[in-house]
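Here's the structure we're looking at; comments come further down.
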Ligand code: ZN
C-alpha cells in the first residue's frame, strides 16, 4: 500500500510509482479510496449514472470513469496519459558472473532513455512476477518492489578514456549493465534474482515462472529552485500528467455531469503503443462501448456519443532550454513554469488542430491559467504520442497537450510545480463542464 493519503502530493505519487505496474497500483489505490469500484472485462457490467468505476488491463494500464447523468449519446470527456517510462528491463537468465564473484545483470533497453543519466545512481528493481498456479492458462500475478538500493551502473573511470567528455558513444549491451553485488561462491549467481524476489514476497523461488522487472532510480523526487518552483524526479513523463488527470477526476467527482468522464492511462507509449494495453489496441473503444451498452445504448447511440466526445491527450512537452534556445521554434517558446502547452504538428503526429486547440485554450482561459504552444523547429524532428494512434481506433475529436519539462527521458526530468497546478485546474474545468 502507498504510505500517503493526500492524492494531490505529486512527489509522493512519483516515489510510489517506480514502474508502470506500480503507477497503475498507485492510481487504483486512490480511486478505491474515493469510492471507485473495480470492473473486470470478462464480467457483465451494471452501470448507474453518477457511479464511479475503473478497469485495469495487464496490471499496467488503467481506465477510470464516472458514468454520465445525461442520455448515452451525450458522449465522453476523456483525459489520457501513459504509465510507462524509458528504462531497462531485466532479461531472462539475467545473472552474469564476473571476476571477483561480482554479479551483474543482463538488461534490455525499454524505449528511448538518455543512457548516460543512468550511471552511478542507486538503483533497484520493481515490476511484476508470475507464479505457478493450478491453471496453466492463468498463473498468479504479484507486484514486487525492492525498497533498498540494490544495484548501480558504474561508469568507466576517466583514466581509461581521457576523451570521455568529448562525446562517448555507449553500447546498450556492454556499457549499461548494472552491478548487483558479490556472491560468496560462483554457484550462487545463477537464479539469484528469482531468489531475491522469492525472499521479498515470502514464496518459493521454484514457484516463479517468469517476471517483468525493470530498474528504477531510488532517488526520491526533490523540490528545487530559488523559490522551490521545480520538481526533479524520474518518470515525470508521463506520470505527472497521469497524476494531474487523477487529481482532476477526484477533485470533480462529486459534480453532476451529463457526459461520462473518463481517465485513460495506457501502457507502452514509449515503444509505440502497439500492445493490448496500449493506445494502438481497441481497449478504450471496448470500454466506451461497454459503458454505452450497460446504460442502454445501441451501436448508433455509440457512434453519436463518440461524435459528441472530446479527448485531452496529456503527455509532457519540451520547455525552452536555457542552454539551447536555438533548438526551439523561432516564434513559439513554451517555458517551464509558463502554463499548459498545446502541441501542434503539421504532419499530424499530434491530434491537435485549430478546432481542438481552441477548445483547450478556452478551458485554460476559463480556469484562469496561461496557455502556451509547442511546434517543432522545422529542421528538428520532434516526438510523438498516443493521441494520434488512438484516433486509428476511435475517431475522437481531441487535442495533444502537456506540461513543459526539461531533460525528457533522462533518469531525472525537471518540471514546474505551478504548471502542474495549472494543468490540474485546466483538466478540472474540462471535467466540470
Ligand atoms: Zn510521454
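On the first, second and third principal axes, largest extent first, how far apart are the outermost C-alpha atoms of region 318-413 in Å?
Cα extents, longest axis first: 39, 31, 28 Å.
Run the numbers for residue 99 and residue 130: contour at 0.36 nm per residue of separation, minus the present Cα-Cα distance, in nm.
In short, 8.0 nm is gained.
Determine the percent antiparallel among the DSSP beta bridges restricted to the chain, to the nearest 5.
Of all bridge pairs located within the chain, approximately 70 percent are antiparallel.
Treat the count of other C-beta atoms within 10 Å as a stand-in for reagent exposure and order 224, 375, 164 from fewest to most.
So the ranking, lowest neighbour count to highest, is 224, 164, 375.
Using a cut-off of under 18 Å, list every residue of region 141-168 whose amide N is near the label point 7 Å from the Cα of residue 199 along the Cα-to-beta-carbon line.
Zone members listed by number: 144-152.
Taking Rh as the Kirkwood radius computed over C-alpha pairs, what is the Stokes-Einstein D of region 156-223 at 37 °C in a medium of viscosity 0.692 mPa s, expressed in µm² per second? Working shown, then result.
Values: Rh = 15.9 Å.
The calculation lands on 206 µm²/s.
If packing is taken as the mean number of other Cβ atoms within 10 Å per residue, what is the order of 288-298, 80-90, highest first?
Descending mean neighbour count gives 80-90, 288-298.
Once both axes come from the Cα atoms, what is the angle between helix 192-201 and the longest principal axis of the chain, in degrees from 0 to 90, rounded to 10?
50 degrees
Quick one: work out Rg over Rh on the C-alpha atoms of region 206-270, Rh as Kirkwood radius.
Across region 206-270, the Cα-based Rg/Rh ratio is 1.12.
Cα centroid distance between region 388-405 and region 64-96, in Å?
What the calculation gives is 13 Å, centre to centre.
Stick to the Cα atoms of region 87-217, pair each with every other, and give me the Kirkwood hydrodynamic radius in Å at one decimal.
Final number for the Kirkwood radius of region 87-217 is 16.0 Å.
Sort 170-178, 415-423, 400-408, 256-264 by the packing proxy (mean of other Cβ within 10 Å over each peptide's residues), most packed first.
400-408, 415-423, 256-264, 170-178
According to the Cα gyration tensor, what semi-axes, each the square root of 5 times an eigenvalue, does the equivalent ellipsoid of region 228-357 have, listed from largest to smallest in whole Å?
Numbers: eigenvalues 200, 63, 51 Å².
Equivalent ellipsoid semi-axes, largest first: 32, 18, 16 Å.
Let's test the formula: R0 of 30 Å, r as the Cβ-Cβ distance of residue 353 and residue 114. What FRET efficiency results, to the nearest 0.05?
That gives a FRET efficiency of 0.45.
Would you compute the Debye intensity of region 1-98 from its alpha-carbon atoms alone, equal scatterers and no solvent, and pass along log10 I(q)/I(0) at q = 0.21 Å⁻¹ to two decimals?
-1.17
Relative to the present Cα-Cα distance, how much length would full extension add between residue 224 and residue 185 at 0.36 nm per residue of separation?
Numbers: separation 39, 0.36 × 39 = 14.04 nm, distance 4.44 nm.
Gain in length upon complete extension: 9.6 nm.
Order these peptides, 386-399, 36-49, 138-151, by their mean beta-carbon neighbour count within 10 angstrom, highest first.
Working: 386-399: 20.6, 36-49: 12.8, 138-151: 15.2.
Going from most to least packed, we get 386-399, 138-151, 36-49.
Hey, what's the Cα Rg ratio for the chain versus the globular rule of thumb, 2.2 N^0.38 Å?
Numbers: Rg = 22.3 Å, N = 433, 2.2 N^0.38 = 22.1 Å.
Ratio of Cα Rg to 2.2 N^0.38 Å: 1.01.
Give, in nm to one decimal, the length gained when the segment between residue 276 and residue 43 is fully stretched (0.36 nm per residue of separation minus the Cα-Cα distance).
Additional length available on full extension: 82.1 nm.
Just how far, in whole angstrom, is region 339-356 from region 178-208 if you go by their alpha carbon centroids?
After rounding, the separation between the Cα centres reads 48 Å.
So what is the 222 nm mean residue ellipticity for the chain from helices alone, if each DSSP H run of at least 4 adds -39500 (n - 2.57) and you divide by all residues, rounding to the nearest 500 deg cm²/dmol? Spell out each step's value before the answer.
Details: 9 runs with 102 residues, N = 433.
Result for the chain: -7000 deg cm²/dmol, rounded to the nearest 500.
Rule-based calculations on the coordinates, nothing more; no lab input. What you see is a predicted model; the values in this text were computed from it and never measured. As a convention, Cβ positions derive from the backbone with ideal geometry for all residues, glycine included, and neighbour counts pool all protein chains shown.
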